[in-house]
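The values are calculated or read from the model by the stated rules, or taken from the named source; none is laboratory data. Only a predicted model underlies this, so the values are computations on that prediction, with no experimental measurement involved. With ideal geometry, Cβ positions are generated from the backbone for all residues, glycine too; neighbour counts draw on all protein chains shown.
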Amino acid sequence: MSDCRDRRCFLRDVFAGTAAAAAGPGLAATLDIGTGQPSRFADAWRTAHSDQGRWRAVREQFLLEPGYVYLNTAGLGPTPLPVIETVDREWRELELRCETGHARRDEARRRGCEFLNCGEDEFALTRSATEGMNLVARGVRLDAGSEVLMTTHEHPGGAMPWFGVAEEHDILIRTFEPGSGGADTMDRLVAALTPRTRVVMLCHVTCTLGTILPIKEIADVCRDRGILSVIDGAQAPGQIPVDLHALGCDFYVASGHKFLLAPKGTGFLYVRDEMLDRWRPTYVGAYSDAGFDLASGRFERRREAVASEYGTRNTPLVLGFGAALEFIETIGLDHIVARGASLARRLRGHLETIDGVEVLTPADSSASAAILAFRLPESGGDPWDWCNLLRRESGIRLRPVGEAGLMAVRASTHLFNREDEVDRLAEILRELV
């Protein structure tokens, strides 16, 4: 072919066709997500004659093997076929001329800002929530004697970066019990503050019980007292609506690989505009500067959060992050939130009728969504024994919860799960207990 563009399109179509043939009709129906073309999946979602038909169309977009009941999105979310194909297509496209595609990341970043309601200067792409938390913990420069307050229910990925800083600097980590997500949480938080508290770091949704904490109220209290509010949002986006400007926190980090269903190795960092002059990324490199001249020694650091996106990044994964947001928006976040919460309520209804099972997640719908933690009889072993048994014997994937000494089991439901899967888990537990 004489035209390189024609050649690229030809190869792209060959690769896409091969992938579609290998994966079957599910993938073939979704190849337009992430291309800017009208989505056939969107058409299937809109034209389905029933809710059951719509959710069946959604389930077909996932590669989960038949009979496998996956109830651990709070740990690791499966990536839908439209996102997988976007990553594959973009990777092959870039390799045709061995390009990095740096400029192509801008669209994914803009989509993230729109999805989360924040300014483009305030938003940066990361590889995970843990990377984002490290950027915050090492970028705020705390004075000796400062205290960082967090709950006893934090995930290690959110807590450990602060312990790492404490190893090297004279700061103290303190904890408090988070409560049920309501007024008691605020009372406990305020009671735990001291004149030396400089940072309150806590999760938006606890990884343990799935409790939704009152982040806006917490951020307001922190601002009134000159305390930084840092939020680990790993469990929140995609499970519940997240409006960063409305929350009012100073920093917010999250992974893409949980309820957002984005590729593993994606995430984001939010830095409130007023914090951009105080926060400094620990690492800088190419693309971190607003001006650089080696001969004169001039280096002007970029003010925007994107200064943390130094060096060569995996552009196809970033574009997959954008495609995941498009997939969610095609269905509608309100539908997804309602679906996950409905399935969790259905499971709760079953579990509350089984003798020997104790549901730990708050029943208040304003304080919980699609994560449900429960305790099983010790006679059947610890939570790891229960989870291993269910996975090995019944093909059901749950997660043990050892944090905060809970010794419980966690199920998390999402848009691809079905009612019969929830019913199956409950039926098996009823027999085992």
Residue identified as in the same structural domain as residue 139 (by TED's automatic domain parsing), buried (at least 24 other Cβ atoms within 10 Å of the Cβ) and either of a type in the set (A, V, I, L, M) or modelled with pLDDT of 95 or more (or both) among 273, 243, 224, 232: 232
Test: residue in the stretch 320-328 that is in contact with a His (Cβ under 9 Å, 6 or more places away or on another chain), modelled with pLDDT of 95 or more and assigned to a helix (DSSP H, G or I): no
Selection count, the stretch 251-275, where residues are over 24 Å from residue 322 (Cα atoms) and in contact with a Lys or Arg (Cβ under 6 Å, 6 or more places away or on another chain): 0
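Quick grid of which residues meet (1) in contact (Cβ under 8 Å) with a residue 40 or more places away in the chain; (2) over 19 Å from residue 330 (Cβ atoms); (3) among the β-branched types (Val, Ile, Thr):
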{"residue": "66", "(1), (2), (3)": "no, yes, no"}
{"residue": "77", "(1), (2), (3)": "yes, no, no"}
{"residue": "81", "(1), (2), (3)": "yes, no, no"}
{"residue": "86", "(1), (2), (3)": "yes, no, yes"}
{"residue": "90", "(1), (2), (3)": "yes, no, no"}
{"residue": "101", "(1), (2), (3)": "yes, yes, no"}
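Table: residues versus (1) assigned to a helix (DSSP H, G or I); (2) under 20 Å from residue 360 (Cβ atoms); (3) out of contact with any strand residue (DSSP E or B) (no Cβ under 8 Å at 6 or more places or on another chain).
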position	(1), (2), (3)
166	yes, no, no
174	no, no, no
178	no, yes, no
194	no, no, no
202	no, yes, no
Selection from the stretch 43-72 of residues that are aromatic (Phe, Trp, Tyr) and farther than 28 Å from residue 409 by Cβ: 45
Enumeration of residues in the stretch 369-398 that are part of a loop (DSSP other than H, G, I, E, B) and of a type in the set (Asp, Glu): 382
Conditions (1) buried (at least 20 other Cβ atoms within 10 Å of the Cβ); (2) at pLDDT 95 or above: number failed by residue 81: (2)
Qualifying residue in the stretch 269-278 (condition: in contact with a His (Cβ under 9 Å, 6 or more places away or on another chain) and under 30 Å from residue 398 (Cα atoms)): no
Options 127, 141, 174; residue that is more than 25 Å from the chain's Cα centre (by Cα), within 24 Å of residue 205 (Cβ to Cβ) and touching a residue at least 12 places away in the same chain (Cβ under 8 Å): 174
The stretch 128-163, residues that are within 20 Å of residue 404 (Cα to Cα), of a type outside the set (D, E, K, R) and not in a strand (DSSP E or B): 130, 152, 153, 155, 156, 157, 158, 159, 160, 161, 162, 163
Residue ID - farthest from the chain's Cα centre (by Cα), chosen from residues in the stretch 103-124 that are surrounded by fewer than 17 Cβ atoms within 10 Å (Cβ to Cβ) and either in contact (Cβ under 8 Å) with a residue 24 or more places away in the chain or more than 20 Å from residue 276 (Cβ to Cβ) (or both): 103
Output for the stretch 141-164, where each listed residue is crowded, with 21+ Cβ neighbours inside 10 Å and not polar (S, T, N, Q): 148, 149, 150, 153, 154, 158, 159, 161, 162
